[in-house]
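The values are calculated or read from the model by the stated rules, or taken from the named source; none is laboratory data. Since we're looking at a predicted model, the values are computed, not measured. Cβ: placed from backbone, ideal geometry, glycine included. Neighbour counts: every protein chain shown. What goes into the accessible areas is simple: the full protein's heavy atoms, side chains included, and nothing from ligands, DNA or RNA. Shrake-Rupley method; radii C 1.70, N 1.55, O 1.52, S 1.80 Å.
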Amino acid sequence: MMENNELDYLMLSGIQHFKFCQRQWALIHIEQQWEENVRTIEGQHVHKKADKPFLREKRGDKLIVRAMPIRSHELKTSGICDVVEFIQNDEGVELQGEVGKFVPIPVEYKRGKPKKGNEDVFQLVAQAMCLEEMLVCDVNLAYLYYDEIKHREAVVITEEMRSEVRNIFQQMHRYFNRQYTPKVKPGKFCNNCSLQNICLPELENTISVRHYMERYL
Ligand code: SF4
């Protein structure tokens, strides 16, 4: 028996769009405005290395699992973890087909360099919360890898972050259930938005370009 109707679940990666701009998230996830450059936002080519479904690789005391499907019934979300490193540790959890106990550490691969905003961090926290629920354990450490600096940054996961992720998903579900797309609130961040072509012409239909430019500047 299915515990929840998983058809209601939102894409986990949407949390990064929602943190960046709620309207961007709604255009992508409610209005299905997928453009080629939206996929670029996702940095798919960076994921190529990680996208070998369920590849398990053992390196010493580390088990590396790539493209691992994850979900949370609490958050009502599902997605894919680029990489989960399972580190052998007596305080960890048992894994099917493996001897010993392991602590899971999610690693998310990103294009470019670390962003000013914290959208990548919250995506990673959501992944950690999925793993906590699925494996019944704590996930207190995770990593963001940026291809431009070829370096991974450690993220220590706190209760405040988990609580914020819960709030964000509640808000996303409320918007999704109402099929609500927030109105345009332009800012400098729009310069980094790949949906400008979709978002802004719509804006021009509702207010004059001059008015928009005055507000924008
Ligand atoms: S152009 Fe600006 S307001 Fe519109 S979706 Fe992008 S970031 Fe949001």
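In the range 112-129, which residues are open to solvent by 10 Å² or more (accessible area, probe 1.4 Å) and in contact with an Asp or Glu (Cβ under 6 Å, 6 or more places away or on another chain)? Once the filter is applied, which keeps residues that are open to solvent by 10 Å² or more (accessible area, probe 1.4 Å) and in contact with an Asp or Glu (Cβ under 6 Å, 6 or more places away or on another chain), the range 112-129 yields 112, 113. Consider the range 20-34 and keep the residues that are open to solvent by 50 Å² or more (accessible area, probe 1.4 Å) and farther than 14 Å from residue 173 by Cα. The one that is modelled with the lowest pLDDT is 34. Only one of the listed residues (146, 180) is under 30 Å from residue 64 (Cβ atoms) and either hydroxyl-bearing (Ser, Thr, Tyr) or within 15 Å of the chain's Cα centre (by Cα) (or both). That residue is 146.
All conditions but one from (1) in contact with a helix residue (DSSP H, G or I) (Cβ under 6 Å, 6 or more places away or on another chain); (2) modelled with pLDDT under 90 apply to residue 12; the one that does not is (2). Restricting the first member to the range 161-181 and to residues that are free of Cβ contacts under 8 Å to residues at least 60 places away in the same chain, and the second to residues that are open to solvent by 70 Å² or more (accessible area, probe 1.4 Å) and part of a helix (DSSP H, G or I), the beta-carbon pairs closer than 9 Å and six or more apart or on different chains are 177/8. Cβ-Cβ contacts under 9 Å between residues 6 or more apart (or on different chains), taken from a first residue in the range 115-126 that is under 10 Å from residue 20 (Cα atoms) to a second residue that is outside any helix (DSSP H, G or I) and among the hydroxyl-bearing types (Ser, Thr, Tyr), are listed as 120/146. Checking the stated criteria, residue 55 turns out not to satisfy the condition of being at pLDDT 90 or above and either more than 16 Å from the ligand (Cβ to nearest atom) or touching a strand residue (DSSP E or B) at 6+ places or on another chain (Cβ under 7 Å) (or both). The residues of the range 176-196 that are part of a helix (DSSP H, G or I) and either modelled with pLDDT under 90 or within 14 Å of the ligand (Cβ to nearest atom) (or both), listed by number, are 188, 189, 190, 191, 192, 196. A Cβ distance below 8 Å, combined with a sequence gap of six or more or placement on separate chains, defines the contacts here; from the range 75-93, residues that are of a type in the set (Lys, Arg) reach residues that are open to solvent by 20 Å² or more (accessible area, probe 1.4 Å) in the pairs 76/4; 76/8; 76/9; 76/173. From the list 129, 172, 134, the one residue that fits, being at pLDDT 95 or above, hydrophobic (A, V, I, L, M, F, W, C) and within 16 Å of the ligand (Cβ to nearest atom), is 172.
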